[in-house]
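The structure appears below as C-alpha coordinates.
The values are calculated or read from the model by the stated rules, or taken from the named source; none is laboratory data. This one's a predicted model, so the numbers in the text were calculated from it and none came from an experiment. Every residue, glycine among them, receives a Cβ derived from its backbone with ideal geometry; neighbour counts consider all protein chains shown.
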Amino acid sequence: MSRDVYEYAVIRVVPRIERGEQINAGVLLYCQPRGYLCARVELDAVRLRALDPDADAESVRRALGAYELACGEQAGPLTGEPLGGRFRWLTAPRSTIVQTGPVHAGLTADPGAELTRLFDVLVRL
(Lines give C-alpha, C1' and ligand atoms only; values in the text may rest on other atoms or scores of the structure.)
Protein backbone atom coordinates (compact mmCIF):
# COMPACT_ATOMS: atom_id res chain seq x y z
CA MET A 1 0.00 0.00 0.00
CA SER A 2 1.47 3.36 -1.00
CA ARG A 3 1.83 6.14 1.53
CA ASP A 4 1.71 9.84 0.75
CA VAL A 5 3.03 12.90 2.49
CA TYR A 6 0.54 14.84 4.59
CA GLU A 7 0.75 18.00 6.66
CA TYR A 8 -1.16 18.79 9.81
CA ALA A 9 -1.52 21.45 12.47
CA VAL A 10 -3.18 21.39 15.85
CA ILE A 11 -6.00 23.91 16.22
CA ARG A 12 -5.73 25.45 19.65
CA VAL A 13 -7.68 27.81 21.84
CA VAL A 14 -5.69 30.47 23.67
CA PRO A 15 -8.35 32.19 25.78
CA ARG A 16 -6.00 34.79 27.27
CA ILE A 17 -3.27 35.60 24.78
CA GLU A 18 -1.19 37.39 27.39
CA ARG A 19 -0.94 34.20 29.51
CA GLY A 20 -0.10 31.88 26.61
CA GLU A 21 -2.09 28.95 28.06
CA GLN A 22 -3.78 26.83 25.45
CA ILE A 23 -6.18 23.95 24.88
CA ASN A 24 -5.84 21.65 21.90
CA ALA A 25 -9.27 21.74 20.27
CA GLY A 26 -8.80 20.26 16.82
CA VAL A 27 -6.59 19.02 14.02
CA LEU A 28 -6.33 20.29 10.45
CA LEU A 29 -4.90 17.77 7.94
CA TYR A 30 -3.92 18.30 4.30
CA CYS A 31 -2.72 15.57 1.90
CA GLN A 32 -2.01 17.12 -1.49
CA PRO A 33 -1.46 13.86 -3.44
CA ARG A 34 -4.89 12.59 -2.36
CA GLY A 35 -6.74 15.91 -2.66
CA TYR A 36 -7.67 15.79 1.02
CA LEU A 37 -8.24 18.70 3.39
CA CYS A 38 -10.25 18.21 6.56
CA ALA A 39 -10.52 19.65 10.06
CA ARG A 40 -11.95 17.98 13.12
CA VAL A 41 -12.73 20.07 16.19
CA GLU A 42 -14.10 19.58 19.68
CA LEU A 43 -14.15 22.15 22.47
CA ASP A 44 -13.83 21.06 26.09
CA ALA A 45 -15.79 23.89 27.71
CA VAL A 46 -14.79 22.83 31.23
CA ARG A 47 -11.09 23.17 30.37
CA LEU A 48 -11.79 26.48 28.63
CA ARG A 49 -13.48 27.90 31.73
CA ALA A 50 -10.61 26.63 33.91
CA LEU A 51 -8.28 28.91 31.92
CA ASP A 52 -10.72 31.79 31.58
CA PRO A 53 -13.96 31.75 33.59
CA ASP A 54 -15.31 34.60 31.44
CA ALA A 55 -14.69 32.89 28.08
CA ASP A 56 -17.63 32.72 25.70
CA ALA A 57 -17.67 29.00 24.81
CA GLU A 58 -20.32 29.41 22.11
CA SER A 59 -18.27 32.04 20.27
CA VAL A 60 -15.20 29.82 20.49
CA ARG A 61 -17.22 26.88 19.10
CA ARG A 62 -18.31 29.02 16.14
CA ALA A 63 -14.70 30.04 15.46
CA LEU A 64 -13.59 26.41 15.60
CA GLY A 65 -16.42 25.43 13.26
CA ALA A 66 -15.10 27.89 10.68
CA TYR A 67 -12.08 25.62 10.23
CA GLU A 68 -14.35 22.70 9.35
CA LEU A 69 -16.41 24.85 7.00
CA ALA A 70 -13.31 26.21 5.23
CA CYS A 71 -12.34 22.64 4.29
CA GLY A 72 -15.68 21.78 2.69
CA GLU A 73 -17.39 22.52 -0.58
CA GLN A 74 -19.09 25.62 0.83
CA ALA A 75 -15.85 27.26 1.96
CA GLY A 76 -17.23 30.81 2.08
CA PRO A 77 -14.51 33.29 1.09
CA LEU A 78 -12.17 30.37 0.34
CA THR A 79 -14.52 28.78 -2.22
CA GLY A 80 -12.58 28.20 -5.41
CA GLU A 81 -9.21 28.32 -3.70
CA PRO A 82 -7.06 25.22 -4.17
CA LEU A 83 -6.86 22.99 -1.10
CA GLY A 84 -3.19 23.85 -0.57
CA GLY A 85 -4.02 27.55 -0.54
CA ARG A 86 -6.79 26.97 1.98
CA PHE A 87 -4.44 24.97 4.21
CA ARG A 88 -1.79 27.73 4.08
CA TRP A 89 -4.39 30.40 4.84
CA LEU A 90 -5.82 28.39 7.76
CA THR A 91 -2.36 27.74 9.24
CA ALA A 92 -1.06 31.29 8.86
CA PRO A 93 0.10 32.72 12.22
CA ARG A 94 -2.45 34.86 14.03
CA SER A 95 -2.88 36.37 17.47
CA THR A 96 -6.47 35.39 18.10
CA ILE A 97 -8.18 33.14 20.61
CA VAL A 98 -8.44 30.33 18.03
CA GLN A 99 -5.23 29.66 16.10
CA THR A 100 -3.12 26.84 14.73
CA GLY A 101 0.18 25.57 15.97
CA PRO A 102 3.15 24.83 13.71
CA VAL A 103 2.75 22.61 10.67
CA HIS A 104 4.13 19.07 10.91
CA ALA A 105 4.43 16.36 8.25
CA GLY A 106 4.11 12.60 8.02
CA LEU A 107 3.27 9.72 5.71
CA THR A 108 -0.11 8.01 5.44
CA ALA A 109 -2.03 5.58 3.29
CA ASP A 110 -5.36 6.87 4.65
CA PRO A 111 -5.63 10.60 5.47
CA GLY A 112 -9.04 10.21 7.13
CA ALA A 113 -7.79 7.52 9.48
CA GLU A 114 -4.68 9.59 10.22
CA LEU A 115 -6.85 12.60 11.09
CA THR A 116 -8.82 10.43 13.53
CA ARG A 117 -5.61 9.06 15.07
CA LEU A 118 -4.07 12.51 15.49
CA PHE A 119 -7.31 13.89 16.91
CA ASP A 120 -7.48 11.08 19.48
CA VAL A 121 -3.82 11.53 20.49
CA LEU A 122 -3.59 15.34 20.44
CA VAL A 123 -7.06 16.59 21.38
CA ARG A 124 -8.98 14.02 23.36
CA LEU A 125 -7.96 13.31 26.93
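Assorted remarks:
- Residue check for residue 85: modelled with pLDDT under 95, small (Gly, Ala, Ser) and assigned to a loop (DSSP other than H, G, I, E, B): no
- Of all the numbered requirements in (1) in contact with a Leu (Cβ under 9 Å, 6 or more places away or on another chain); (2) at pLDDT 95 or above, residue 48 misses one, and that requirement is (1).
- Identity of the residue in segment 17-41, under 19 Å from the mean Cα position of the chain (by Cα), of a type outside the set (S, T, N, Q) and not in a strand (DSSP E or B), that ends up farthest from residue 109 (Cα to Cα): 17
- Positions within segment 75-112 being within 16 Å of residue 33 (Cα to Cα) and of a type in the set (A, V, I, L, M, F, W, C), in sequence order: 83, 87, 105, 107, 109
- Number of the exception - residue 113 against (1) without any contact (Cβ under 8 Å) to a residue 40 or more places away in the chain; (2) farther than 17 Å from residue 4 by Cβ: (2)
- Listed conditions (1) within 20 Å of residue 8 (Cα to Cα); (2) over 16 Å from the mean Cα position of the chain (by Cα) are all met by residue 57, apart from (1).
Conditions tested, residue by residue: (1) surrounded by 11 or more Cβ atoms within 10 Å (Cβ to Cβ); (2) among the β-branched types (Val, Ile, Thr); (3) assigned to a loop (DSSP other than H, G, I, E, B).
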{"residue": "43", "(1), (2), (3)": "yes, no, yes"}
{"residue": "50", "(1), (2), (3)": "yes, no, no"}
{"residue": "61", "(1), (2), (3)": "yes, no, no"}
{"residue": "73", "(1), (2), (3)": "no, no, yes"}
{"residue": "80", "(1), (2), (3)": "no, no, yes"}
{"residue": "89", "(1), (2), (3)": "yes, no, no"}
{"residue": "119", "(1), (2), (3)": "yes, no, no"}
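- Test: residue in segment 117-125 that is touching a residue at least 24 places away in the same chain (Cβ under 8 Å) and over 30 Å from residue 1 (Cβ atoms): yes
- Within segment 2-19, being surrounded by fewer than 18 Cβ atoms within 10 Å (Cβ to Cβ) and either under 23 Å from residue 33 (Cβ atoms) or of a type outside the set (D, E, K, R) (or both) holds for 2, 3, 4, 5, 17.
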